[in-house]
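Heads up, the thing below is written out as structure tokens.
The values are calculated or read from the model by the stated rules, or taken from the named source; none is laboratory data. These numbers come from a predicted model, not from an experiment. Methodologically, a virtual Cβ is constructed for each residue, glycine included, from the backbone with ideal geometry; neighbour enumeration extends over all protein chains shown. The protein model used for the area step is the full one, side chains on, heavy atoms only, and it has no ligands, DNA or RNA in it. Shrake-Rupley method; radii C 1.70, N 1.55, O 1.52, S 1.80 Å.
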Amino acid sequence: MIRVAVVGAAGYIGGELLRLLVSHPDVELAAATSRSLQGRQIDGVHPNLRSRTTLRFSAEDELDHYDAIFLATPHRETMARMTEFLGLARTVIDLSGDFRLASTAAYEDYYGTPHTAPDLIESFVTGLPELHREALRTADRISVPGCMASAGILALTPLAHAGLIRGEITVDARTGSSGSGAKAGSENLHAERSGALRVFAPTRHRHEAEISQATGLPVRMTATGVEAVRGVQLVSRAHLAPDVDERDIRSAYRAAYGDEPFVRVVAHRRGLHRFPDAKILSGSNFCDVGFALEAGSPQVTVISALDNLVKGGAGNAVQCLNVRYGLSERAGLEFTGLHPN
Amino acid sequence: MIRVAVVGAAGYIGGELLRLLVSHPDVELAAATSRSLQGRQIDGVHPNLRSRTTLRFSAEDELDHYDAIFLATPHRETMARMTEFLGLARTVIDLSGDFRLASTAAYEDYYGTPHTAPDLIESFVTGLPELHREALRTADRISVPGCMASAGILALTPLAHAGLIRGEITVDARTGSSGSGAKAGSENLHAERSGALRVFAPTRHRHEAEISQATGLPVRMTATGVEAVRGVQLVSRAHLAPDVDERDIRSAYRAAYGDEPFVRVVAHRRGLHRFPDAKILSGSNFCDVGFALEAGSPQVTVISALDNLVKGGAGNAVQCLNVRYGLSERAGLEFTGLHPN
Amino acid sequence: MIRVAVVGAAGYIGGELLRLLVSHPDVELAAATSRSLQGRQIDGVHPNLRSRTTLRFSAEDELDHYDAIFLATPHRETMARMTEFLGLARTVIDLSGDFRLASTAAYEDYYGTPHTAPDLIESFVTGLPELHREALRTADRISVPGCMASAGILALTPLAHAGLIRGEITVDARTGSSGSGAKAGSENLHAERSGALRVFAPTRHRHEAEISQATGLPVRMTATGVEAVRGVQLVSRAHLAPDVDERDIRSAYRAAYGDEPFVRVVAHRRGLHRFPDAKILSGSNFCDVGFALEAGSPQVTVISALDNLVKGGAGNAVQCLNVRYGLSERAGLEFTGLHPN
Amino acid sequence: MIRVAVVGAAGYIGGELLRLLVSHPDVELAAATSRSLQGRQIDGVHPNLRSRTTLRFSAEDELDHYDAIFLATPHRETMARMTEFLGLARTVIDLSGDFRLASTAAYEDYYGTPHTAPDLIESFVTGLPELHREALRTADRISVPGCMASAGILALTPLAHAGLIRGEITVDARTGSSGSGAKAGSENLHAERSGALRVFAPTRHRHEAEISQATGLPVRMTATGVEAVRGVQLVSRAHLAPDVDERDIRSAYRAAYGDEPFVRVVAHRRGLHRFPDAKILSGSNFCDVGFALEAGSPQVTVISALDNLVKGGAGNAVQCLNVRYGLSERAGLEFTGLHPN
Amino acid sequence: MSKTVLAAECPECAADVGLDADARVSEIVECVECRSELEIESVDPPTLVRAPEVEEDWGE
Amino acid sequence: MSKTVLAAECPECAADVGLDADARVSEIVECVECRSELEIESVDPPTLVRAPEVEEDWGE
Ligand SMILES: NC(=O)c1ccc[n+]([C@@H]2O[C@H](COP(=O)([O-])OP(=O)(O)OC[C@H]3O[C@@H](n4cnc5c(N)ncnc54)[C@H](OP(=O)(O)O)[C@@H]3O)[C@@H](O)[C@H]2O)c1
Ligand SMILES: NC(=O)c1ccc[n+]([C@@H]2O[C@H](COP(=O)([O-])OP(=O)(O)OC[C@H]3O[C@@H](n4cnc5c(N)ncnc54)[C@H](OP(=O)(O)O)[C@@H]3O)[C@@H](O)[C@H]2O)c1
Ligand SMILES: NC(=O)c1ccc[n+]([C@@H]2O[C@H](COP(=O)([O-])OP(=O)(O)OC[C@H]3O[C@@H](n4cnc5c(N)ncnc54)[C@H](OP(=O)(O)O)[C@@H]3O)[C@@H](O)[C@H]2O)c1
Ligand SMILES: NC(=O)c1ccc[n+]([C@@H]2O[C@H](COP(=O)([O-])OP(=O)(O)OC[C@H]3O[C@@H](n4cnc5c(N)ncnc54)[C@H](OP(=O)(O)O)[C@@H]3O)[C@@H](O)[C@H]2O)c1
Ligand SMILES: [Zn+2]
Ligand SMILES: [Zn+2]
């Protein structure tokens, strides 16, 4: 059994890690920390875990040493304490934004604050098995991409790396409310957020920098909060290289994802469910990717969707753990998703 | 023109009062106070009022004297400051819970705190024109009933007063999230509140006391938060007096509401919209009331619905103003409601 | 491996059976029938099953013989063809309403049509392991209770059987839209059904008869469609026998459910999640049960919730299969449910 | 009083016309036709009109002659019968798509069928007062733009006509379920449509042709169905002409909309409601328009929102009637919209 | 719209149901209060009976 | 995580509440069944009393 701990376990990503880890066949969940709820049973704030665990939140200073530790803490805070966290476990899997961008300039630009642990950045491997599986097999510092970033990277890198698209990519991202965490404020008050179509980042959303870094192409992204708790969907547009047709695109995706357990290509000509829709992905670790071409148009429209708390966060982190410890990559991540939902 | 002011104008009831008052043909909205937003334009937090007003929030100490003042402030606070408020206007229309219950013992029991202005209670007239129109014509202290209370009182008093029902009434109330106001907390965080069926008051909800006071019958009420921003629906059950049949009930409702502008009886045998549903009432001042009988059963099931911010609050308050100042009772309250919605 | 088939597999209960059965470790899903979609891939209408199965729908006349067959077909139709179905498998698990009521008079009364296979009724065992586990171990004709009925029966029978409640029970039931199946009509058109609080059965809902049969007490039930796709919640009221207090009730529930894998008692004094809420149960096989007492009141308010497609249908049916074939009762039913959701 | 009739009055646009017309101070609603519901009271399917009218649906052959007739019928059907409709009223206001496009080739291309009344096209004036007010003052054949088209045209024409943008525009459109009308099918079944992010038109949505026609620029549009009943929001991207800055854009919008009663420019730097959001527009005739620039980027992101049934349909049609008959342009269209909602 | 001139009583709920002047026996009308479908049994005096109804099933 | 060794009865709902071996008087624990906040009144025998509660207001 791999012995693991979760820091920041009272939040939404922390709770999702707990959900996945308590049911993981090869993992022993040894500790879950919360500063505000220490001593309380974890099913008090994560009621779905009733009867599945009697674990209580512990204080951070009760942590000892683990095989792996997951960090579900806010950015800034995470880099400030990374040295401390590195001492707590062989493998550190960080879900914050602090070690995702290779460039400290990009970090400062997008996060509005200088990076305080620049020397550590290079030691982190990007926690996306579809692109970095080999490195992850031996990685002990893993930085999991952002939720919308993951949906964008998985949708666009096969086309970018195969040279099928070029120039600037535009991304229209939609996200549910769990993406901004469990901290209450007027922006996520139910009466304000319910049914909203809130363009909260018309330009320069942070995840834009991650997609650009992974594809090697300039990206312009707009992000809108839509009515959903879980779920992210991206509609991206890119310019096709000359003479690229549907077969080329299907074949690039097939090459990239034919053997992937958690990426499915969904681009149907008929039926109600022709393109990726986050609605059926809640709780599952899938990222669905699809596309559409238009006769005579030099553009491709790429659609991708995932559950921000799973493939966009906690599930992806567990998948990285599986890769790192040589477990079945699907272990603990078998849930299919629901329809209708 | 009636010159009015709204205290607590940054909240949801306050905002709804502003919406109704800026469009009211016979009213001049002279002031809207907020402690936290003084000096700011009111459409910053009430974006539906863009282009309809250039009013800014003022501080409470900028208030001078008005024909009427509406209090949309929290209970406890309101009774503590009532003497001060009474000095600001000829007519005070209070939307808080502080002057709804005639009995100070009931107040203490349901609100968990002693009443601090008991001598004033008796001077308030209940702000429900359907039951107290005559008194309201000259009333200068008006206490508007609670949102669920209004739905219960309008549904049940015609039957209770006609002697058609007796014994204990049970009420199953459902409410949207705007019912708990604009203050953010984990209980109304979108990710927690969205899609919830939260039994937040299994027994002894405060509005139970108001319904009991108006009907003269014991009431047991359960309240559940459901997925909605606006809207309240009550399913009540009462025991029929002997030999009461459908015609008696219809005729009691016809007698009570045949000439009422804002209560409609909805109890159809066919169609999609057979009983009151809050969904089509958003923004309107209607309370829809319906009922069902069962062959051989001594019970009647009564269903009622309204928009908590309108007929359950601000709209009802404006209707009281109209009655008090001899205006058309429908003035400023003509909005029909939307379908579909 | 238990070889199974699902009839009516294109519908919502059928689809949910497929979801559970394709992931079930001890089951081989051998056939899934649909009259309208035969030959099509099942993930066309059940998109959550993409990459999990390549099964196609088959015609009913392609069925041969199975260990167990699940019937997810409409009532009336099911009893008309039951003799035929009984020939197709050792064990028949029926999810329709046709064999739930022991009394043909009650059937005719509630379903508005005479029972056409009265001789078969007695041979069916009720598919609720919490009440009929012993009989189910050897049962080859199993009739799974209705969704709201299951929530009511699990909530009320421990109290009724222990003599803690008596007299008439009233039930206020709320249900999501998947409860009425996948057939499109104006009643479940999104624009009409979204946000609705539709009292579609003010009296005499069919599930009332099931709850009454199981508890031995008269039941009056009202059913309201609320905004949700999955999920059922019941708020029931019953009269307490003399001197019954909280400890008696907790102890009755503990006796009934202390060892049950899928019933949890949720009646907390603090926190956001004090009572059962269907929101966190989507996809899980749990039925959560809770209650509240009021000082001085002779009534108990009982709250229960489940996912109508899982513990209220397909999951419960799979649990019955597990009991019947001596499998781990949790097999295939491990999903925890999501929070937030 | 202007005497008017509505054809196709049982549908969603028809119902919305009825809502606006029964409250319009200068209009007499003389007839509302439905083929399927003739003789029935209109509040049976439009329950928000209870107590506001006792009108019943009439058959189309009961129509006589009116000042104005509104056509809320499906496209194809409308052009097939236009000659007949033209005989029924002085002024015909068509809400279908049949007379919006000047080019029959574009019509055939986007609608997949040849135009059957090409000679009539030129006689129609586009029913958008913001662009065609003068022509509308005397127009007796008016073709109201599509819902998403209106949001796009109002957002983009001031910039296009002022030469501030050029080249291809991309549009990401989101729409609620009422946009596809009241006809039930699996695509708008609540359980399928609820919470969906359904990319139903990844390319070549029909309204793209209208925006292109109005702006004179090539447009590529993607349309996604989101969780909402009412409401459309567009996020459009265009390339700026050289040296265009925020002042130029604000000034173009000010010139276009400074005096418009129903277009508001919303592009704030602070607050929760910085950009147009359809959530607060339900029932109102506003189209809100906003934009964002990014330092160093040659693109502008334009955001617009409206209620598809009001400014995107029935409200806009009534505004055209007001212009045509010299009424106050706001008559019957005063509703402010709700917040929260 | 035709003018309402005759008034009959709904046999279900006792509401006044207006009938058109040219109403004929065996026509179906709808009660304005309870929305029952009613059949005109006679016009002089105006009498209504409940029309046979199609079952509506609002689901599980 | 500390090991549970002592068992006390919840004064509110009679559930068994596990206490840590090193639990001390006046510490606050949470009942696993009814989630009351309980104060340890004594450890030998292990006794719990209800702790003073902050009012939670779940709104109008
Ligand atoms: N939500 C998503 O979709 C998503 C997806 C991928 C990645 N992420 C990333 O995951 C991290 C957690 O996100 P979240 O959405 O779960 O946020 P969240 O719900 O706000 O949870 C954060 C948790 O961290 C703890 N915490 C807060 N401030 C802290 C501090 N200064 N030091 C230590 N702990 C602190 C809090 O618990 P206590 O105060 O009780 O300790 C809190 O429960 C963030 O870095 C976020 O960017 C989020
Ligand atoms: N929501 C409903 O459905 C509903 C229906 C009927 C009646 N009511 C009653 O109406 C009142 C307002 O409810 P609401 O839902 O609008 O609440 P809300 O959204 O929380 O608004 C209350 C407003 O009062 C102001 N306020 C808060 N504390 C105050 C204090 N101590 N002194 C003076 N002002 C204070 C606040 O603005 P500043 O802090 O900026 O001053 C706040 O905006 C309550 O008494 C409520 O019971 C509500
Ligand atoms: N929905 C729930 O929450 C729930 C819960 C518990 C039990 N149930 C019961 O489960 C059964 C199925 O419910 P559902 O909600 O899944 O309904 P549904 O979505 O309408 O599905 C029923 C399926 O049965 C097939 N079918 C329809 N008529 C048939 C006939 N005459 N003969 C054979 N097959 C027929 C249809 O597929 P084809 O036409 O393609 O063959 C259809 O997909 C019903 O008896 C229902 O009462 C439902
Ligand atoms: N929904 C929107 O947001 C929106 C916005 C702008 C414009 N529009 C346009 O407005 C028109 C109506 O749209 P809608 O959404 O209201 O559709 P809808 O809800 O489906 O209503 C159309 C109505 O037309 C009647 N109808 C259907 N087929 C007909 C035919 N062949 N001949 C005559 N009448 C027929 C139907 O009533 P009976 O069968 O009872 O006669 C139906 O109620 C369409 O052209 C649509 O493109 C819609
Ligand atoms: Zn009637
Ligand atoms: Zn306890």
Subset of the stretch B:47-65 (residues that are more than 16 Å from B:Leu20 (Cβ to Cβ) and among the basic types (Lys, Arg)): B:Arg50, B:Arg56
Filter result (out of contact with any helix residue (DSSP H, G or I) (no Cβ under 9 Å at 6 or more places or on another chain) and either within 30 Å of B:Tyr110 (Cβ to Cβ) or at the interface with another protein chain (Cβ under 7 Å from one of its Cβ atoms) (or both)) within the stretch B:252-277: B:Arg269, B:Phe275
Lone unmet requirement of (1) at pLDDT 95 or above; (2) open to solvent by 20 Å² or more (accessible area, probe 1.4 Å) for C:Ile69: (2)
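Take D:Ala196 and tell me if it is in a helix (DSSP H, G or I) and aliphatic (A, V, I, L, M).
Details: in a helix (DSSP H, G or I): no; aliphatic (A, V, I, L, M): yes.
When the stated conditions are applied, D:Ala196 does not pass them.
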Failed item in (1) of a type in the set (Asp, Glu); (2) within 12 Å of chain A (Cβ to nearest Cβ); (3) closer than 24 Å to D:Leu101 by Cα, with D:Glu210 passing the rest: (2)
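For the stretch C:318-341, what are the residues that are in contact with a helix residue (DSSP H, G or I) (Cβ under 8 Å, 6 or more places away or on another chain) and either basic (Lys, Arg) or closer than 29 Å to A:Gly231 by Cβ (or both)? Reasoning before the result, please.
Of all residues in the stretch C:318-341, those in contact with a helix residue (DSSP H, G or I) (Cβ under 8 Å, 6 or more places away or on another chain) come to C:318-320, C:323-324, C:327-333, C:336-341.
If the condition is that a residue be in contact with a helix residue (DSSP H, G or I) (Cβ under 8 Å, 6 or more places away or on another chain) and either basic (Lys, Arg) or closer than 29 Å to A:Gly231 by Cβ (or both), then C:Val318, C:Arg324, C:Arg330, C:Gly332, C:Leu333, C:Thr336, C:Gly337, C:Leu338, C:His339, C:Pro340, C:Asn341 are the ones that fit.
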Filter pass, C:Ser236 being part of a strand (DSSP E or B), within 14 Å of chain B (Cβ to nearest Cβ) and small (Gly, Ala, Ser): yes
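Can you confirm whether B:Ile42 is hydrophobic (A, V, I, L, M, F, W, C), over 22 Å from the mean Cα position of the chain (by Cα), within 12 Å of chain D (Cβ to nearest Cβ) and away from ligand 3 (no atom under 16 Å from the Cβ)?
yes
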Any hit, the stretch D:38-48, residues being among the hydrophobic types (A, V, I, L, M, F, W, C), closer than 23 Å to E:Val29 by Cα, within 16 Å of ligand 4 (Cβ to nearest atom) and part of a strand (DSSP E or B): no
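Given the criterion of a type in the set (D, E, K, R), within 11 Å of ligand 1 (Cβ to nearest atom) and open to solvent by 10 Å² or more (accessible area, probe 1.4 Å), identify the matching residue among A:Arg3, A:Arg52, A:Arg40.
Going through A:Arg3, A:Arg52, A:Arg40 in turn, the sole match is A:Arg40.
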Some residue of the stretch D:291-309 being crowded, with 24+ Cβ neighbours inside 10 Å, charged (D, E, K, R) and under 27 Å from D:Arg247 (Cβ atoms): no
Residues satisfying the stated conditions in the stretch A:245-267, i.e. touching a strand residue (DSSP E or B) at 6+ places or on another chain (Cβ under 8 Å), open to solvent by 20 Å² or more (accessible area, probe 1.4 Å) and over 22 Å from A:Asn316 (Cα atoms): A:Asp245, A:Glu246, A:Arg250
Residue check for D:His207: assigned to a loop (DSSP other than H, G, I, E, B) and open to solvent by 10 Å² or more (accessible area, probe 1.4 Å): no
Matching residues in the stretch E:12-24 - criterion: being within 16 Å of ligand 5 (Cβ to nearest atom) and away from chain B (no Cβ under 14 Å): E:Gly18, E:Leu19
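Look at F:Glu27 and say whether it is away from ligand 2 (no atom under 16 Å from the Cβ), facing chain C (nearest Cβ under 9 Å), of a type outside the set (Val, Ile, Thr) and without any contact (Cβ under 8 Å) to a residue 40 or more places away in the chain. Please lay out each step first, then the result.
Numbers: away from ligand 2 (no atom under 16 Å from the Cβ): yes; facing chain C (nearest Cβ under 9 Å): no; of a type outside the set (Val, Ile, Thr): yes; without any contact (Cβ under 8 Å) to a residue 40 or more places away in the chain: yes.
Here the answer is no, as F:Glu27 does not meet what is asked.
Among the residues in the stretch C:177-188, are any surrounded by 24 or more Cβ atoms within 10 Å (Cβ to Cβ) and farther than 23 Å from B:Ala267 by Cα? If you could, list the steps in order and put the result at the bottom.
The initial filter retains those residues of the stretch C:177-188 that are surrounded by 24 or more Cβ atoms within 10 Å (Cβ to Cβ), namely C:177-179, C:188.
Then keep just the ones that are farther than 23 Å from B:Ala267 by Cα; that gives C:178-179.
Yes: the stretch C:177-188 contains one or more residues that are surrounded by 24 or more Cβ atoms within 10 Å (Cβ to Cβ) and farther than 23 Å from B:Ala267 by Cα.
Quick check: is even one residue across the stretch B:314-334 more than 23 Å from D:Phe335 (Cβ to Cβ), open to solvent by less than 20 Å² (accessible area, probe 1.4 Å) and more than 14 Å from chain C (Cβ to nearest Cβ)? Walk me through it before giving the result.
Looking only at the stretch B:314-334, we keep the residues that are more than 23 Å from D:Phe335 (Cβ to Cβ), and these are B:323-326.
After this cut, where a residue has to be open to solvent by less than 20 Å² (accessible area, probe 1.4 Å) as well, the list is B:323.
Still in the running and more than 14 Å from chain C (Cβ to nearest Cβ): B:323.
Among the residues of the stretch B:314-334, at least one is more than 23 Å from D:Phe335 (Cβ to Cβ), open to solvent by less than 20 Å² (accessible area, probe 1.4 Å) and more than 14 Å from chain C (Cβ to nearest Cβ), which makes the answer yes.
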Of all residues making up the stretch B:218-244, the number that are open to solvent by 20 Å² or more (accessible area, probe 1.4 Å) and over 30 Å from B:Ser180 (Cβ atoms): 5
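Can you tell me which residue among E:Glu27, E:Glu33, E:Glu9 is of a type in the set (Asp, Glu) and near ligand 5 (Cβ under 7 Å from one of its atoms)?
Values: E:Glu27 fails: near ligand 5 (Cβ under 7 Å from one of its atoms); E:Glu9 fails: near ligand 5 (Cβ under 7 Å from one of its atoms).
Among E:Glu27, E:Glu33, E:Glu9, only E:Glu33 is of a type in the set (Asp, Glu) and near ligand 5 (Cβ under 7 Å from one of its atoms).
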Selection status of D:Thr78, among the polar types (S, T, N, Q) and within 30 Å of D:Ala267 (Cα to Cα): no
Residues (open to solvent by 60 Å² or more (accessible area, probe 1.4 Å) and either modelled with pLDDT of 90 or more or aliphatic (A, V, I, L, M) (or both)) located in the stretch E:27-38: E:Ile28, E:Val32
Condition broken by D:Leu189, with the remaining ones in (1) in contact (Cβ under 8 Å) with a residue 24 or more places away in the chain; (2) at the interface with another protein chain (Cβ under 9 Å from one of its Cβ atoms); (3) not polar (S, T, N, Q) satisfied: (1)
The stretch C:68-89 residues that are of a type in the set (S, T, N, Q), paired with ones that are outside any helix (DSSP H, G or I) (beta carbon under 7 Å, 6 or more apart): C:Thr73/C:Val7; C:Thr73/C:Gly8; C:Thr73/C:Ser96; C:Thr78/C:Leu71; C:Thr78/C:Asp94; C:Thr78/C:Ser96; C:Thr78/C:Asp98
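Taking C:Ala9, is it at pLDDT 95 or above, touching a strand residue (DSSP E or B) at 6+ places or on another chain (Cβ under 7 Å), within 30 Å of A:Gly258 (Cβ to Cβ) and part of a loop (DSSP other than H, G, I, E, B)? Write out each step before concluding.
Values: at pLDDT 95 or above: yes; touching a strand residue (DSSP E or B) at 6+ places or on another chain (Cβ under 7 Å): yes; within 30 Å of A:Gly258 (Cβ to Cβ): yes; part of a loop (DSSP other than H, G, I, E, B): yes.
Yes, satisfied.
So, in the stretch A:90-127, of the ones that are of a type in the set (D, E, K, R) and in contact (Cβ under 8 Å) with a residue 24 or more places away in the chain, which residue ends up most open to solvent (accessible area, probe 1.4 Å)?
Filtering the stretch A:90-127 down to residues of a type in the set (D, E, K, R) leaves A:90, A:94, A:98, A:100, A:108-109, A:119, A:122.
Next, only the ones that are in contact (Cβ under 8 Å) with a residue 24 or more places away in the chain stay: A:90, A:94, A:98, A:100, A:109.
Numbers: A:Arg90: 121, A:Asp94: 0, A:Asp98: 1, A:Arg100: 35, A:Asp109: 96 Å².
If we take residues in the stretch A:90-127 being of a type in the set (D, E, K, R) and in contact (Cβ under 8 Å) with a residue 24 or more places away in the chain, then A:Arg90 is most open to solvent (accessible area, probe 1.4 Å).
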